[in-house]
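The values are calculated or read from the model by the stated rules, or taken from the named source; none is laboratory data. Since we're looking at a predicted model, the values are computed, not measured. With ideal geometry, Cβ positions are generated from the backbone for all residues, glycine too; neighbour counts draw on all protein chains shown. Remember, those area values only see protein heavy atoms, side chains included, never the ligands or the DNA or RNA. Shrake-Rupley method; radii C 1.70, N 1.55, O 1.52, S 1.80 Å.
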Amino acid sequence: MLSVLSATLCAMSDHTPGLWDSIDDLHTWLDSHRPVGGREGLLLRILKLSEEVGEVAQAVVGATGQNPRKGTTHTWEDVQSELCDVAVTALIALRTLTPDAREVFTRHLEKVTDRSLGGTGTG
């Protein structure tokens, strides 16, 4: 279910109403179902990113057929879906660290954009 929701969220831009509401809802749902709480639970939620990034790598290897024993096992759409899972997992981890995740992310994105594009805001 999380993969379907992740793909849906990935299709939304930051300007789409509901993205951060969905992140908040997922955060609440995960908190109510996590077996480990406290600092350890927080660290495990952040470590989940490593698992998701590994799934991106696995999908890329599968999409390019780089494992001769397995051949082509994934599509580029699978890679897209796995990248969406990484993005959703990162946003949920950020939300776990702070209830102000939207503002923190927006400020950071503005800094990265200004640094990368020289304050032009266009590519």
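When you look at Arg69, is it over 24 Å from Leu97 (Cα atoms) and basic (Lys, Arg), yes or no? For Arg69, the condition - over 24 Å from Leu97 (Cα atoms) and basic (Lys, Arg) - is met. Is one or more of the residues making up the stretch 18-27 open to solvent by 40 Å² or more (accessible area, probe 1.4 Å), assigned to a helix (DSSP H, G or I) and in contact with a Pro (Cβ under 9 Å, 6 or more places away or on another chain)? Yes; the residues of the stretch 18-27 include at least one that is open to solvent by 40 Å² or more (accessible area, probe 1.4 Å), assigned to a helix (DSSP H, G or I) and in contact with a Pro (Cβ under 9 Å, 6 or more places away or on another chain).
Here Leu2, Leu94 are screened, and the one residue that is modelled with pLDDT of 95 or more and under 15 Å from the mean Cα position of the chain (by Cα) is Leu94.
Out of Thr113, Thr89, one residue alone is outside any loop (DSSP other than H, G, I, E, B), in contact with a Gly (Cβ under 8 Å, 6 or more places away or on another chain) and of a type outside the set (Phe, Trp, Tyr). It is Thr113. Looking only at the stretch 12-56, residues that are of a type in the set (Val, Ile, Thr) and at pLDDT below 95 come to 2 in all. Taking the numbered list (1) in contact (Cβ under 8 Å) with a residue 12 or more places away in the chain; (2) surrounded by 14 or more Cβ atoms within 10 Å (Cβ to Cβ) in turn, Val104 passes all entries but (1). Checking the stretch 86-100 against the condition returns no match, with no residue being surrounded by fewer than 17 Cβ atoms within 10 Å (Cβ to Cβ) and basic (Lys, Arg). The residues of the stretch 58-74 that are surrounded by fewer than 16 Cβ atoms within 10 Å (Cβ to Cβ) and part of a loop (DSSP other than H, G, I, E, B), listed by number, are Gly65, Gln66, Asn67, Pro68, Arg69, Lys70, Gly71, Thr72, Thr73.
Exactly one residue out of Glu40, Glu77, Glu55, Glu51 is surrounded by 16 or more Cβ atoms within 10 Å (Cβ to Cβ) and of a type outside the set (A, V, I, L, M), and it is Glu55.
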